[in-house]
Amino acid sequence: MASQQEPNVQTNRALPVFLDHVKQAVAAMPPVTKFMLWTPYAVFAVDLVITLFFPGRPTLSYWCFLDFDVATRGLEVFRFVSYPFATLYLTDAIIVSLWLIPEMYKLEQRYGSLKLLYVLLTLLTVIPGVVCLVIRQLAIQSSSSLYWVHMTCRGMYGWVVGLICWSYLSEDNEAQDRMIAGTIRIPHQYWPMIVFVMFVFLIPGSSVLLNILCGVIGYLYVKQKLPFLMPSDARLTEIESKAILSPLTKAANFVPTADTSNPYLPIVNDQPSSSFAGQGHRLGP
């Protein structure tokens, strides 16, 4: 009897420990990552309440997703910024949590909260949406029967493709390989390609063209082909001092841009003199 109760006791202890680890991980998240973690679930919950108690009323996702006819003819240009937050299904929020949040957490800690937010809203949201609109208009002029005419965009799937390309292509070749189901080893340099194919062709409800554009933009950003679209770190630091951004800059775990330029103590110093006596020397064995 005692041997049968022991696994149950261990299981009962494991759940509180797991929940405590999750709580600590969420509490340590930088503000942009934490906001993007909860937003899909919040939008889905609001949509569910509207659907159950106010049937026939437009949901929050309806006002967020990018419909090119509505956005252009109705002058609802805000949809070019809001469409990643449209969450029609709970699976959308779960997939975003599993794939997007780890990459956002890593990139926000490395490059700063404001830079990550700028990349998300500008390079991976507005620009792909505008390019999709241009392609749609060109398709209409060539043939009115093409499916581009009725194309819509929603969800953060494009962010997943773009950020994974940014994250993994910017790391060195000595990074660890990835494992699928614990058995299939994927070389580190091929992982962005696997994710690209998965989200472009295998995720239902995602825009193929939008995911392709976000992947291309992520690749060009890593290769430094888009410097004219990115403000400098000095400019981002100046923007962080604006009062309008105080809710972001004063949030818990905010990562300033200045703190990401030299995150480690120097091991080698080429300068003959230094104001710091220990600079340029390795401490310890």
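The values are calculated or read from the model by the stated rules, or taken from the named source; none is laboratory data. As the structure is a computational prediction, the values presented were derived from the model and not from experiment. FYI the Cβ positions are ideal-geometry reconstructions off the backbone, even for glycines, and counts take in every protein chain you see.
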Inset, instruction - Scan the helices (runs of 4 or more DSSP H) fully inside region 198-263 and keep the ones with 3 or more residues being of a type in the set (A, V, I, L, M, F, W, C) and surrounded by 13 or more Cβ atoms within 10 Å (Cβ to Cβ). - result: 208-222
Legend entry - Of residues in region 25-38 being under 18 Å from Leu114 (Cα atoms) and in a helix (DSSP H, G or I), the one farthest from the chain's Cα centre (by Cα): Pro31
Legend entry - Yes/no for Leu116 being among the hydrophobic types (A, V, I, L, M, F, W, C), in contact with an Asp or Glu (Cβ under 7 Å, 6 or more places away or on another chain) and within 15 Å of Met36 (Cα to Cα): yes
Inset, instruction - With the checklist (1) in a helix (DSSP H, G or I); (2) in contact (Cβ under 8 Å) with a residue 24 or more places away in the chain in hand, flag the one item Ala45 doesn't pass. - result: (2)
Inset, instruction - Assess whether Val149 counts as being at pLDDT 85 or above, over 27 Å from Ala251 (Cβ atoms) and of a type in the set (A, V, I, L, M, F, W, C). - result: no
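Yes or no, residue by residue, for (1) more than 24 Å from the chain's Cα centre (by Cα); (2) modelled with pLDDT under 95; (3) surrounded by 17 or more Cβ atoms within 10 Å (Cβ to Cβ); (4) within 26 Å of Leu210 (Cβ to Cβ):
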position	(1), (2), (3), (4)
Gln4	yes, yes, no, no
Asn12	yes, yes, no, no
Phe18	yes, yes, no, no
Lys23	no, yes, no, no
Phe68	no, yes, yes, yes
Phe80	no, yes, yes, yes
Tyr89	no, yes, no, yes
Inset, instruction - Return the pairs, sorted by first residue and then second, in which the second residue is among the small types (Gly, Ala, Ser) and exposed (fewer than 15 other Cβ atoms within 10 Å of the Cβ), the first residue lies in region 232-256 and is under 17 Å from Tyr111 (Cβ atoms) and modelled with pLDDT of 90 or more, the beta carbons are less than 7 Å apart, and the residues are 6+ apart or on different chains. - result: Asp233/Ser261; Thr237/Ala258; Asn253/Ala28
